[in-house]
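These notes concern the structure reproduced below.
The values are calculated or read from the model by the stated rules, or taken from the named source; none is laboratory data. Model, not experiment: these values are computed from the prediction. Cβ placement follows ideal geometry from the backbone for every residue including glycine, while neighbour counts extend to all protein chains displayed. In case anyone asks, the SASA skips ligands and DNA or RNA and just uses the protein heavy atoms, side chains included. Shrake-Rupley method; radii C 1.70, N 1.55, O 1.52, S 1.80 Å.
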Amino acid sequence: MNQLRLLNVSKTYKNGVKALDNVSIEINSGMFGLLGPNGAGKSTLMRTIATLQQPDSGEIYLDDIDILNQKMELRKVLGYLPQSFGVYPKLSAEKLLHYFAELKGLSNKAERKQIVDYALEVTNLYDVKNKHVAGYSGGMKQRFGIAQLLLNNPKLIIVDEPTAGLDPAERHRFLNVLREIGTNHIVILSTHIVDDVKELCTDMAILNGGKLLCHKKPIDAVLDLKDKIWGLTIDRENVERYESEYNIISTNYNQDNSLNIRVYGETSPGDEFMKVEPDLSDVYFVHLKGDEVEATNPQS
């Protein structure tokens, strides 16, 4: 089993923004979800692990590779799919994958064909292998991105916000591809979409303001909130009063313009509230709200 270890990794940009704040975590083989809002530091962390930028301090290891001091060794076993990647020439998927495979040192034609065919099959692109990648849909391009990073059988795969902008059908297909490859590699899925983590990941962390707020298996994180989430439907005009009186973590509108509110509390906030089953969205919002409160009242 492969393991990625980060020890006290910090990064502050020249404008004073602390993108990573003493991040320490261990990530094992399987699907790992890194969840956080835009600007949380997720992309900075992914780029740092991928050796595309240097932290101010800290250490990172993939098994026995010292990533910050052995960048080329890491890159040999890394597959990285950034948020936006490349404009493709008018070449078919199959030809492009053969070209990338040659660049990665696969000179044996039979071996190259075997790995290219595998990459096309696992990403469900085999039937469109002769179509120009430039003409692919957004979801197909994302799957092609996965196909090309599989060519060197990476130990570590990083995908940064891969489902943003995909329609529901394309998102579903893409998540199925990640699920397929997630059993044999460390796959880090960086996203702000809770459902992506809920559907795929066996381990997760929440990052905000460069700090790790939580690192747990999703199932355990949800169990921790059992009997602590309370729901109520209110009239829209009363929302400010409820916000001032209760620890509201999330709201959503109904068709009649009433509002469902969810409140976090160790005990019932009042007789009108009903206990509701927690889900991963509640975990996310509870930790973000707690971090927000801590930032507002650092001495409390």
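Things to note:
- Pair V122, S107: separation of 7 Å Cα→Cβ label points (nm): 2.5
- Among L212, L259, L178: highest mean-square fluctuation, GNM of the chain, C-alpha pairs under 10 Å: L259
- Segment T183..N260, full-extension length gain: 23.9 nm, with 0.36 nm per residue of separation and the alpha-carbon distance subtracted.
- Förster radius 30 Å - calculated FRET efficiency between N130 and H172 (Cβ-Cβ, nearest 0.05): 0.75
- In segment 219-275, the trypsin sites (Lys or Arg not before Pro) that fall in loop regions by DSSP, at most 13 other Cβ within 10 Å: K226
- A helix-only calculation puts the chain at -10000 deg cm²/dmol for mean residue ellipticity at 222 nm, using -39500 (n - 2.57) for each DSSP H run of at least four residues, averaged over all residues.
- FRET E, pair D227, K95, Förster distance 45 Å, beta-carbon r, rounded to 0.05: 0.20
- If you run the Gaussian network model on the chain, springs between alpha carbon atoms under 10 Å, then out of L223, L156, L78 the most flexible one is L223.
- A straight line joining the Cα centroids of segment 188-238 and segment 40-75 runs 26 Å.
- When the chain is treated as a GNM with alpha-carbon contacts under 10 Å, the residue of I186, I146, I261 showing the greatest mean-square fluctuation is I261.
- Normalised by the number of residues in segment 228-290, the average gap of Cα pairs under 8 Å and 6 or more apart makes the relative contact order 44 percent.
- The largest accessible area among V222, V116 belongs to the first residue in V222, V116, and the rest follow in falling order (1.4 Å probe, all chains).
- Beta bridges by DSSP in the chain, antiparallel share as percent, to the nearest 5: 65
- Neighbour cut-off at most 15 other Cβ (10 Å), DSSP loop, chymotrypsin sites (Phe, Trp or Tyr not before Pro), segment 9-96: Y13, F85
- For segment 187-212, the residues whose amide N sits under 13 Å from a probe point set 7 Å from the Cα of S281 along the beta carbon direction are 193-196, 198.
- Sparsely packed loop sites in segment 7-47 (the trypsin sites (Lys or Arg not before Pro) outside DSSP H, G, I, E and B with at most 15 other Cβ atoms within 10 Å) comprise K14.
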